[in-house]
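Participant: Below is one structure. I have some questions about it.
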């Protein structure tokens, strides 16, 4: 999991704007998100991870325990259940259980990049992050 630690900046994306529109995100919010997108994995342990990202959560940091379901406010303001799982040391799977849909986000370290795939409602968005700071 140590390969995730650090700050990552979005360098490439495909279909994220379409996915955000499906979640009723305003044009202003989309523009801000796409222009400033970073993810920071502040600390990574064997059973827990601390993340700071506008894509996953409300502004600020959150501590997550792998395999433990928690309540969260979705990007559209709806209360949802979510869980983060760690299938391998190079892969995280984050699942949001919305009342009417399921959003699955997979983050995987590939060739030095953090490649994130978001799947929902038959749509798929791919985001590629480059490390800009190591923790």
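The values are calculated or read from the model by the stated rules, or taken from the named source; none is laboratory data. From a predicted model like this one, the values you see are computed outputs, not experimental measurements. Reconstructed Cβ throughout: ideal geometry from the backbone, glycine too, with neighbour counts over all protein chains shown.
Participant: For the range 109-125, which residues satisfy the criterion of being surrounded by fewer than 17 Cβ atoms within 10 Å (Cβ to Cβ) and more than 17 Å from residue 22 (Cα to Cα)?
Facilitator: Once the filter is applied, which keeps residues that are surrounded by fewer than 17 Cβ atoms within 10 Å (Cβ to Cβ) and more than 17 Å from residue 22 (Cα to Cα), the range 109-125 yields 110, 111, 112, 113, 115.
Participant: Can you say whether residue 37 is closer than 19 Å to residue 125 by Cβ and either loosely packed, with under 12 Cβ neighbours inside 10 Å or at pLDDT 80 or above (or both), as far as the supplied structure shows?
Facilitator: Working: closer than 19 Å to residue 125 by Cβ: yes; either loosely packed, with under 12 Cβ neighbours inside 10 Å or at pLDDT 80 or above (or both): no.
So residue 37 does not fit the description; no.
Participant: Of the conditions (1) part of a strand (DSSP E or B); (2) touching a residue at least 40 places away in the same chain (Cβ under 8 Å), residue 20 clears all except one; give me its number.
Facilitator: (1)
Participant: Here is a further query. Could you grab me the full set of residues in the range 1-15 that are part of a helix (DSSP H, G or I) and surrounded by fewer than 20 Cβ atoms within 10 Å (Cβ to Cβ)? Step through it out loud before you land on a result.
Facilitator: Start the filter on the range 1-15 by keeping residues that are part of a helix (DSSP H, G or I), which leaves 2-4.
2, 3 - these are the residues of the range 1-15 that are part of a helix (DSSP H, G or I) and surrounded by fewer than 20 Cβ atoms within 10 Å (Cβ to Cβ).
Participant: Exactly one condition in (1) modelled with pLDDT of 85 or more; (2) surrounded by 16 or more Cβ atoms within 10 Å (Cβ to Cβ); (3) out of contact with any strand residue (DSSP E or B) (no Cβ under 6 Å at 6 or more places or on another chain) is false for residue 131; which is it?
Facilitator: Condition (3) is where residue 131 drops out.
Participant: Output yes when any residue across the range 54-63 is surrounded by 13 or more Cβ atoms within 10 Å (Cβ to Cβ), touching a strand residue (DSSP E or B) at 6+ places or on another chain (Cβ under 6 Å) and either assigned to a loop (DSSP other than H, G, I, E, B) or modelled with pLDDT under 75 (or both), and no when none is.
Facilitator: Checked the range 54-63: no residue is surrounded by 13 or more Cβ atoms within 10 Å (Cβ to Cβ), touching a strand residue (DSSP E or B) at 6+ places or on another chain (Cβ under 6 Å) and either assigned to a loop (DSSP other than H, G, I, E, B) or modelled with pLDDT under 75 (or both).
Participant: Turning to a different aspect of this structure: Among 43, 26, which is the only one that is more than 26 Å from residue 89 (Cβ to Cβ) and either at pLDDT 75 or above or crowded, with 17+ Cβ neighbours inside 10 Å (or both)? Write out each step before concluding.
Facilitator: Values: 43 fails: more than 26 Å from residue 89 (Cβ to Cβ).
Testing whether each residue is more than 26 Å from residue 89 (Cβ to Cβ) and either at pLDDT 75 or above or crowded, with 17+ Cβ neighbours inside 10 Å (or both) leaves just 26.
Participant: Mind listing whichever residues of the range 65-103 are assigned to a loop (DSSP other than H, G, I, E, B), at pLDDT below 90, in contact with a strand residue (DSSP E or B) (Cβ under 9 Å, 6 or more places away or on another chain) and exposed (fewer than 12 other Cβ atoms within 10 Å of the Cβ)?
Facilitator: Across the range 65-103, the qualifying residue is only 99.
Participant: While we're looking at this one, here's another question. Looking only at the range 111-125, which residues are closer than 22 Å to residue 52 by Cβ, out of contact with any helix residue (DSSP H, G or I) (no Cβ under 8 Å at 6 or more places or on another chain) and not in a loop (DSSP other than H, G, I, E, B)? Walk me through how you get there before you give the answer.
Facilitator: The first filter runs over the range 111-125 and keeps only residues closer than 22 Å to residue 52 by Cβ, leaving 112-118, 125.
Remaining after also requiring out of contact with any helix residue (DSSP H, G or I) (no Cβ under 8 Å at 6 or more places or on another chain): 112-113, 115-117.
Across the range 111-125, the qualifying residues are 113, 115, 116, 117.
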